[in-house]
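Worksheet for the structure shown next.
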Amino acid sequence: MLSTRTVLKENDLYLVGDAHYAVAEGESGLYRRDTRFLSRYKWHLDGQTPQTLMQHERFPFWLHAQSANANVGYTMRVGLSRDLQITATELRDTLHVTRYVGDGPHTLTLDLAADFADMFEVRGWPCKAGAREVGTQVTTDGLSFSYTAQDGLDHRALVQVSPAAEWTGERLSWTLSGEETEIVVSVFPLLADEQPTPGHPDALAAEYTAVQAGIGRDVKLSDPRDARVLARSVEDLRSLSFQTAQGAFPAAGLPWFVAPFGRDSVIISLMVKDHLPDVALTVARYLAAHQGVGYNAVTLEQPGKILHELRVGELTRTGRTPHRPYYATADATPLFVWLVGELSAAHPDLARELRPNWEAALQWCLTDGDPDHDGFIEYTPDTEPGGITNAVWKDSGDSTFTEGGVDVSGHVAVIEVQGYAYAAYGAAARMYRLLGEGGLAAEWEERAHALRERFQAAFWWPERGYYVHGLNGDKQPLRVLVSNPAHTLWTGIIPPAYAAQVAKTALGEELWSGWGIRTLGTREIRYNPVSYHNGSVWPHDTAAAALGLHRYGLNAEARSVARALFDAARAAPDARLSELFAGFPRQDGTPPVPYPAACHPQGWDAAAVLALAHLLGDELGDEVPDPQETLT
């Protein structure tokens, strides 16, 4: 197993641990609201790490484990049965300790430390908050770590234990002399005047079971291996959620993206809206409530613009990051309009409720979103320290370049964002018709039609039977073979006469890995199968292409692409799609090569499984063809 990181989460509280769920070093910790409340949490038995015999995640918030004394050999002297649970308010750790050989007392210790570091600091943000003075106070039932941030916000990590333990300054210590001992540790991460509130893990378990049952009634997959992938997807979607004033909002990915994101949350919502409409409605309302209203050169806020990312840690609250919120994205705004339009078909009142918001978003698309007034939505790379160079889903600094390998500059228009705009304009027309305003509906239908014509003239790449990645700031086409045009099929902007050719190129040997569509073709100058955006496979990107193929009636191709993604998940030990994996060609009998820094789970990919499940349903037939065979 290459990855040694583990995560347990509920709401905005999550534990990042090593392979045995211990918080000991590096980025591990107990986090809440972008703050690491505990920087050390690790058990020792007689001064040694217990030997793990079995560990099983009953739910994404609940670990059950069995362990024993170190170097257990053939006879266990001490056994430990553990249930570690993360609820919305509490870390609860219950250990049942059994002494099997009466050879004197044993010592069980729990190392504890708190640093209250901002998540950005933990992950290497260049601007630090400075040294923190953390207080430690022994209480009648444990101890408390405390820290007051530079903006005055009080933080506490309250630790309660039973039975009582001795605090040595670095660890809690229990002497085990009886045959059976139960030890319970509760940690409450508290802000301001919050008080400790016990969690309810059994109620959470019942909620997970109910969510699974609801999806199971809607989606039927006869192959139990596919059904396991779907069940994992549904479980992950529930695990990723955290509460906001508008409802449960989906996090982008664990462990570092438990925060509101614009693009990520809308794409998740578009993929799950038919099965989890409450999630999509929450996203639409939350993003509307945090829509840009003015201009800010640091956060890149503009009137009508939809946020990219919102953080609440100390560095952000004291102005050391722009994420308050940060609006560095070109695509979230048209995506938002598309989402509201899709939801309004089943929830007509939403179009009226959010009308000021989607109209403001449309106005942004026509004004600030098109700074050079050529009819395309563009972004300008943010060159500030920590800024986003490419304000689209391929947001790494080296992802968008010319055929000669030169990074883009100026006002850059990438292909899928134009597709999102086309979908947004069509959604606006449908919402105006729903509101009884046929004249405005016709205007937006005409805008959508005009955009498609401009798009076809500027982006079509006849030599490759495909579309270019985008237009550079000098309006020169980026003739680089990438996955984005296949992704753009999802939006409907590509004229139907060209869809089959796009599919043929996307599923050809340069882009198709056998597991999914590579982000960059194998013959391109920056191709690297183990890169973030230049040759890797992102399942959500491939899933968008599959949904687009299905939209254009290329059903055999859509099903074969869906089959490949389900196969990739089935090949994983946890039956889960990774955020991305390497772009090496598929080989019989071997799984995809993991990408080392991928999120597990990740919101897009959990959503993609649910979105594609219908393509593998029993009613669509039995045989799923190879995608390259369908296009020969």
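The values are calculated or read from the model by the stated rules, or taken from the named source; none is laboratory data. Everything numeric here is computed off the predicted structure, so don't read it as measured data. In this analysis, Cβ positions are derived from the backbone assuming ideal geometry, glycine residues included, and neighbour counts consider all displayed protein chains.
Which condition number in (1) closer than 15 Å to residue 13 by Cα; (2) touching a Lys or Arg at 6+ places or on another chain (Cβ under 8 Å); (3) surrounded by fewer than 22 Cβ atoms within 10 Å (Cβ to Cβ) is the one that residue 64 fails?
(1)
When you look at residue 291, is it at pLDDT 95 or above, under 19 Å from residue 355 (Cα atoms) and touching an Asp or Glu at 6+ places or on another chain (Cβ under 7 Å), yes or no?
No.
Please state which one of 117, 88 is of a type outside the set (Lys, Arg) and closer than 30 Å to residue 209 by Cβ.
Testing whether each residue is of a type outside the set (Lys, Arg) and closer than 30 Å to residue 209 by Cβ leaves just 88.
So how many residues does the stretch 191-209 have that are touching a residue at least 12 places away in the same chain (Cβ under 8 Å) and of a type in the set (A, V, I, L, M, F, W, C)?
4
Hand me the list of helices (runs of 4 or more DSSP H) wholly inside the stretch 242-360 holding 3 or more residues that are touching a residue at least 60 places away in the same chain (Cβ under 8 Å) and hydrophobic (A, V, I, L, M, F, W, C).
Filter on the stretch 242-360 gives 262-272, 277-289, 332-346.
How many of the residues making up the stretch 568-595 are surrounded by fewer than 20 Cβ atoms within 10 Å (Cβ to Cβ) and not in a loop (DSSP other than H, G, I, E, B)?
3
Table: residues versus (1) of a type in the set (Asp, Glu); (2) within 34 Å of the chain's Cα centre (by Cα).
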| residue | (1), (2) |
| --- | --- |
| 25 | yes, yes |
| 35 | no, yes |
| 50 | no, yes |
| 60 | no, yes |
| 67 | no, yes |
| 77 | no, no |
| 81 | no, yes |
| 86 | no, yes |
| 91 | no, yes |
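Of all residues in the stretch 448-504 being hydroxyl-bearing (Ser, Thr, Tyr) and either in a loop (DSSP other than H, G, I, E, B) or assigned by TED's automatic domain parsing to the domain that holds residue 337 (or both), which is surrounded by the most Cβ atoms within 10 Å (Cβ to Cβ)?
In this case the residue turns out to be 467.
Condition check: within 22 Å of residue 405 (Cα to Cα) and more than 20 Å from the chain's Cα centre (by Cα). Does residue 484 satisfy that?
Here the answer is no, as residue 484 does not meet what is asked.
Quick one: how many residues across the stretch 6-48 are surrounded by fewer than 17 Cβ atoms within 10 Å (Cβ to Cβ) and either among the aromatic types (Phe, Trp, Tyr) or over 25 Å from residue 191 (Cα atoms) (or both)?
Number satisfying all stated conditions: 5.
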